[in-house]
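See below for the structure under consideration.
Where a number appears in this text, it was derived from the coordinates with a stated rule and is not lab data. Note that the structure is predicted; figures quoted are calculated from it, not measured. FYI the Cβ positions are ideal-geometry reconstructions off the backbone, even for glycines, and counts take in every protein chain you see.
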Amino acid sequence: MSDTVRIDKWLWATRLFKTRSLATDAVGSGKVRLNGEHTKPAHSVKPGDVLAVDNGVTVWEVIVMGLSDVRGPAPMAQALYAETEKSIAKRQQVAEQNRFFREPGAALKGRPTKKNRRLLDKSNT
């Protein structure tokens, strides 16, 4: 095993993204930051690197603990990274806010359909 792995392969192997192409698109569009900097999908990660990952639903800040370029079982994938305390606290705070009030359009991806628009209008009145 080498001492570095492509960032898109690592994100896929850790199950932060469902497919490698989604991971590649996220890195290319700037939703993944490596040590605070934008990067390219072919850039390598090594243990100790800090990644800020926005997978569309949640924002994670993780430290690379191990390397793998193959997708294995979930417990093995979770052993490859450690979430920072700041990230855990922020995700819990967002979950607590959503428990009391959920943004009506938060579940929608992209432009709402006619049915979704009616539901949004109904919830706003």
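Brief remarks follow.
- Qualifying residues in segment 69-93 (those that are in contact with a strand residue (DSSP E or B) (Cβ under 8 Å, 6 or more places away or on another chain) and in a helix (DSSP H, G or I)) - the one surrounded by the most Cβ atoms within 10 Å (Cβ to Cβ): 87
- Apart from one condition, residue 42 fits all of (1) surrounded by 13 or more Cβ atoms within 10 Å (Cβ to Cβ); (2) closer than 22 Å to residue 3 by Cβ; the exception is (1).
- Identity of the residue in segment 7-66, among the polar types (S, T, N, Q) and part of a loop (DSSP other than H, G, I, E, B), that ends up nearest to residue 96 (Cα to Cα): 58
- The set of residues in segment 48-67 being over 13 Å from residue 16 (Cα atoms) and touching a residue at least 24 places away in the same chain (Cβ under 8 Å) consists of 50, 67.
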